[in-house]
1. Within region 33-75, list the residues whose amide N lies under 12 Å from a label point set 7 Å along Cα→Cβ of Lys126.
2. Arrange the residues Tyr28, Tyr141 by how much accessible surface each exposes, largest first, with a 1.4 angstrom probe.
3. For region 33-92, with all protein chains present and a 1.4 Å probe, just round the carbon and sulfur fraction of the accessible area to a whole percent.
4. Between Phe115 and Asn32, how many nm apart are label points set 7 Å from Cα along the C-beta direction?
5. With Kirkwood's inverse mean 1/r over C-alpha pairs for Rh, give me the Rg to Rh ratio of region 81-136, two decimals please.
6. What accessible area per residue, rounded to a whole number of Å², is obtained for region 57-99 using a probe radius of 1.4 Å?
7. Please build a GNM for the chain, connecting alpha carbons under 10 Å apart, and tell me which residue among Phe133, Phe115, Phe65 fluctuates the most.
8. Find me the longest stretch of the chain that has none of the exposed trypsin sites (Lys or Arg not before Pro), where exposed means in a DSSP loop (not H, G, I, E or B) with at most 14 other Cβ atoms within 10 Å.
Amino acid sequence: MISGMMALGVRTVEEDMSSLPIEIAEEYKVRNVTREGISSPIPGQKPVTQLYMVLARSEKEAYLFYWDGLPWRDFGPMQEHESWTAKFLDGEVKIVRTTMFMGEQKEVLVLHHKFPKNGRLMIYSKDMSKDEFHEMLSTMYKKTN
């Protein structure tokens, strides 16, 4: 077992999706859903659950990470090439085009979003155009439950 991870039991995709605070449009096929508990490096802190999935539409993919708290690990440095704001859920979010992402020389479009109660969301794509990325984001809605 990888250090810092906990087994969370077997769950269905629907159960994992139910813990996500957003709705994803049906035209984006959800694949490769994984869920893991990540132990805190700070003694006494509760583990954070990380939900990861691939969203695919017309041979284009986006990668979604959701944490139910502050992520306890960093995937590596990011270097911003340009950024702008866009509408997302019930507000605006900063979208970044990178020259380095997760420690590799890589151009991606990425957004980071913080939810109330400290939930965190990261969505990125290496093969969507700016318009395709914005279109995907415009189809996502905050759950009302």
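The values are calculated or read from the model by the stated rules, or taken from the named source; none is laboratory data. Because the structure is a prediction, the values reported are computed rather than measured. Methodologically, a virtual Cβ is constructed for each residue, glycine included, from the backbone with ideal geometry; neighbour enumeration extends over all protein chains shown. Just the protein is used for accessible areas: all its heavy atoms, side chains included, with ligands, DNA and RNA removed. Shrake-Rupley method; radii C 1.70, N 1.55, O 1.52, S 1.80 Å.
1. 61-63
2. Descending order: Tyr141, Tyr28.
3. That fraction is 48 percent.
4. Here the answer is 2.2 nm between the modelled labels.
5. Ratio of gyration radius to Kirkwood radius: 0.97.
6. In whole numbers, region 57-99 has 59 Å² accessible per residue.
7. Between Phe133, Phe115, Phe65, it is Phe115 that shows the largest mean-square fluctuation.
8. Answer - 12-72.
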